[in-house]
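Heads up, the thing below is written out as structure tokens.
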Amino acid sequence: MANWLALINLKGDYTSPVLDLPLRADGVISKVLWQSEQPVGSQITVQTRVNLYGHDWSDWKTCVNGGPFPDLNDDSHLDNPQYMFRILFKANSYQFKPRFKSIQFEFEPVLVFDNKGDLDCKPEVWITKYENGDFSIQNLSHNLEEFKFTELIDGETLYVNNDSEDIETTLPVTYRYRNFNDHYLRFPIGKNVLRVNGKADIRFRYQFKTLQ
């Protein structure tokens, strides 16, 4: 049953169509931002919902302007999910109506490495670069520690043994130590949320270390 505010056009809503999020990742860092005008006595509410697995939508959740997208975080495994948003309007008079101007969603995919050992994990890593340029891995969980190479070549594959501090490349007569920031990759105990910068295929090999 419609309430009195809806009947006199002082309450309304807009619901988006289903939107695709073309990301495949261990998780995501997200943000919802919007611009609006809300005179005294008016109200705008933004809500979202997400379909992570293709068959079940989450409930509508209320967003905070500048805050994260509800139901999406660094633990949300993403395989091209879908999402929707809706905007709820409410006013107490025709003289002071809210106005919604724009909305923006930011999604940054991340990798998550869970070190289940008792000591730091220093993996072997293979990096096959796509396009010339830099490559780095930042550990968002631990002081933004950064493992970085500069001026890599399209198609080049780097092998880095972070335990023995050995670096090899498939390029002939080339040494990459001078292109490295000398911060070898290490994953402290527990969850490590990683930001990857630069186009590349990455493969890790590791073994958890335990104390006897």
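Observations on the model:
- Residues Gln104 and Glu146, FRET efficiency given R0 of 30 Å [Cβ-Cβ distance, rounded to 0.05]: 0.65
- Rg(Cα)/(2.2 N^0.38 Å) for the stretch 116-205, N = residue count: 1.05
- Across Lys61/Lys97; Lys31/Lys148; Lys31/Lys122; Lys101/Lys199; Lys31/Lys209, pairs whose alpha-carbon gap is larger than 30 Å: Lys31/Lys122; Lys101/Lys199; Lys31/Lys209
- With both labels modelled 7 Å from their Cα along Cα-to-Cβ, the Asn181 to Tyr94 distance reads 6.0 nm.
- Value of relative contact order over the stretch 4-110, rounded to a whole percent, pairs C-alpha under 8 Å and six or more apart: 46 percent
- Inter-probe distance in nm under a simple model that places probes 7 Å from Cα toward Cβ, at Phe208 and Thr128: 2.9 nm
- Relative contact order, whole percent, for the stretch 148-212 stands at 25, derived from Cα pairs under 8 Å and 6 or more residues apart.
- Computed over the chain: relative contact order in percent, which uses C-alpha pairs under 8 Å that are six or more apart: 23 percent
- When the P(r) is computed for the stretch 7-120, the part past 20 Å accounts for 49% of the Cα-Cα pairs.
- Placing a pseudo-label 7 Å from each Cα along the Cα-to-Cβ vector at Asn80 and Leu33 gives an inter-label distance of 2.9 nm.
- Longest segment of the chain lacking chymotrypsin sites (Phe, Trp or Tyr not before Pro) that sit in a DSSP loop with at most 11 other Cβ atoms within 10 Å: 95-174
- Semi-axis lengths, Å, the stretch 43-102, gyration tensor of Cα atoms, sqrt of 5 times eigenvalues: 29, 12, 8
- For Asn73, residues with placed amide H under 5 Å, excluding near neighbours: Val28
- Nearby aspartates and glutamates by direct alpha-carbon distance to Lys11 (threshold 16 angstrom, same-chain neighbours under 8 apart not counted): Glu37
Taken together, the values in this text are just the output of simple stated rules run on the coordinates, not laboratory data. All values derive from a computational prediction rather than experimental measurement. Heads up, the Cβs are rebuilt from the backbone with ideal geometry, glycines too, and the neighbour counts pull from every protein chain shown.
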